[in-house]
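Comments concern the structure below.
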Ligand code: SF4
Ligand code: SF4
């Protein structure tokens, strides 16, 4: 394992870290993933879940590896940033970790908009600053998807760690380049989430794309990131990630892939939204993301997300405007029909 400085936190973290969002919620899976990770030298773990039930169920598993880990405990969750809830959950996590301490207190999705950054994130920062002064966390971080606000957060001097989506699909993205430079200049530890773009880089229509986890990770590690946190669902997915450590230079070489990403991903939606605007107002990328997500099960949660969209896939009139703009040759009309079949038929 290669270790890198996590900005100015004083921590050295293995380049491969662990994201826990998608990991199947079984104690034996978490235990095996942590065991394999720690044996391989993984020491950075992002702890996305804040709910007391999660920590009741899994706290003791984390505690058994606690001495080997630097953890990012989240403040607030995607659906709820309410102050009392966030604080109570954060206290719960610190106590479940066994030593009342987290290396990083990380605000969940605090940089999605100016409103979130200037609003609840400032309030959360004040609280986390107090935890830091009391020695109950070592550093303050945030996560999110908006590069412009992320740069603002990095330049504010208020955060020590930033978790942001970085992968091969950003190769020509000037904003991501500026974000990397800002992190270097301000000594903010950059943690790359979604190094496989949620698995999109690895498979097309359920078949292997020809791009490997080792190539995806090697690309991310060619940038000034401290660590990447792939989010495996299973032990075997985690093993596929850890194989990077044994991969040869030739197996890690991402250059042939990055030169022909559109070829490798022909037909696969990357949710980039280059196909918009749809004259009927369909959020095409979101619709296809929901269809892809439904491949592992049409859960009530996925149905709920679909229901939240005012303009449904049924609005598609097959005009074909989007097809001309999609760089990946996705059969968008067929995807809209699939969405209707999945979510709008009984
Ligand atoms: S359909 Fe094509 S353009 Fe639209 S989000 Fe998917 S990949 Fe991007
Ligand atoms: S084909 Fe359907 S989804 Fe595409 S732009 Fe036309 S109406 Fe929108």
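Go through region 16-44 and give me each residue that's assigned to a loop (DSSP other than H, G, I, E, B) and under 16 Å from residue 4 (Cα atoms). Spell out the reasoning first.
First pass over region 16-44, keeping only residues assigned to a loop (DSSP other than H, G, I, E, B): 17, 20-26, 41-43.
Residues satisfying the conditions are 17, 41, 42, 43.
So that you can scan it fast, the table gives a plain yes or no per residue for (1) within 16 Å of ligand 1 (Cβ to nearest atom); (2) in contact with a strand residue (DSSP E or B) (Cβ under 8 Å, 6 or more places away or on another chain); (3) outside any helix (DSSP H, G or I); (4) closer than 12 Å to residue 167 by Cα:
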| residue | (1), (2), (3), (4) |
| --- | --- |
| 216 | no, no, no, yes |
| 220 | no, yes, no, yes |
| 239 | no, no, no, no |
| 242 | no, yes, no, no |
| 256 | no, no, no, no |
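Working carefully through the options 92, 59, 98, 105, find the one that is touching a helix residue (DSSP H, G or I) at 6+ places or on another chain (Cβ under 6 Å), under 27 Å from residue 10 (Cβ atoms) and assigned to a loop (DSSP other than H, G, I, E, B).
The unique qualifying residue is 98.
Could you grab me the full set of residues in region 272-282 that are near ligand 1 (Cβ under 6 Å from one of its atoms) and buried (at least 18 other Cβ atoms within 10 Å of the Cβ)?
The answer is 275, and nothing else.
When residue 293 is evaluated against the numbered criteria (1) in contact with a helix residue (DSSP H, G or I) (Cβ under 7 Å, 6 or more places away or on another chain); (2) under 29 Å from residue 261 (Cα atoms); (3) within 15 Å of ligand 2 (Cβ to nearest atom); (4) assigned to a helix (DSSP H, G or I), which criterion, by number, is the only one it fails?
Exception for residue 293: condition (3).
So that you can scan it fast, the table gives a plain yes or no per residue for (1) surrounded by fewer than 24 Cβ atoms within 10 Å (Cβ to Cβ); (2) under 18 Å from the mean Cα position of the chain (by Cα); (3) more than 24 Å from residue 119 (Cα to Cα):
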| residue | (1), (2), (3) |
| --- | --- |
| 156 | yes, no, no |
| 162 | no, yes, no |
| 175 | yes, yes, no |
| 197 | yes, yes, yes |
| 202 | yes, yes, yes |
| 205 | yes, no, yes |
| 221 | yes, yes, yes |
| 225 | yes, yes, yes |
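Do we find that residue 84 is part of a helix (DSSP H, G or I), in the same structural domain as residue 237 (by TED's automatic domain parsing) and within 21 Å of residue 3 (Cβ to Cβ) in this structure?
No.
In contact with a strand residue (DSSP E or B) (Cβ under 6 Å, 6 or more places away or on another chain) and within 14 Å of ligand 1 (Cβ to nearest atom): does that describe residue 285?
For residue 285, the condition - in contact with a strand residue (DSSP E or B) (Cβ under 6 Å, 6 or more places away or on another chain) and within 14 Å of ligand 1 (Cβ to nearest atom) - is not met.
Find the residue count for region 297-320, including only residues that are within 16 Å of ligand 1 (Cβ to nearest atom) and exposed (fewer than 14 other Cβ atoms within 10 Å of the Cβ).
Count: 4.
Does at least one position in region 64-74 carry a residue that is in contact (Cβ under 8 Å) with a residue 60 or more places away in the chain, out of contact with any helix residue (DSSP H, G or I) (no Cβ under 7 Å at 6 or more places or on another chain) and surrounded by fewer than 22 Cβ atoms within 10 Å (Cβ to Cβ)?
Taking every residue of region 64-74 in turn, at least one turns out to be in contact (Cβ under 8 Å) with a residue 60 or more places away in the chain, out of contact with any helix residue (DSSP H, G or I) (no Cβ under 7 Å at 6 or more places or on another chain) and surrounded by fewer than 22 Cβ atoms within 10 Å (Cβ to Cβ).
Restricting to region 193-214, count the residues that are in contact with a strand residue (DSSP E or B) (Cβ under 8 Å, 6 or more places away or on another chain) and under 20 Å from residue 332 (Cβ atoms).
Going through region 193-214 one residue at a time, the tally reaches 2.
Restricting attention to region 261-284, and to residues there that are assigned to a helix (DSSP H, G or I) and modelled with pLDDT under 95, which single residue is nearest to ligand 2 (Cβ to nearest atom)?
Out of the qualifying residues, it is 262.
The values are calculated or read from the model by the stated rules, or taken from the named source; none is laboratory data. Note that this is a predicted model, so its numbers are computed, not measured. Every residue, glycine among them, receives a Cβ derived from its backbone with ideal geometry; neighbour counts consider all protein chains shown.
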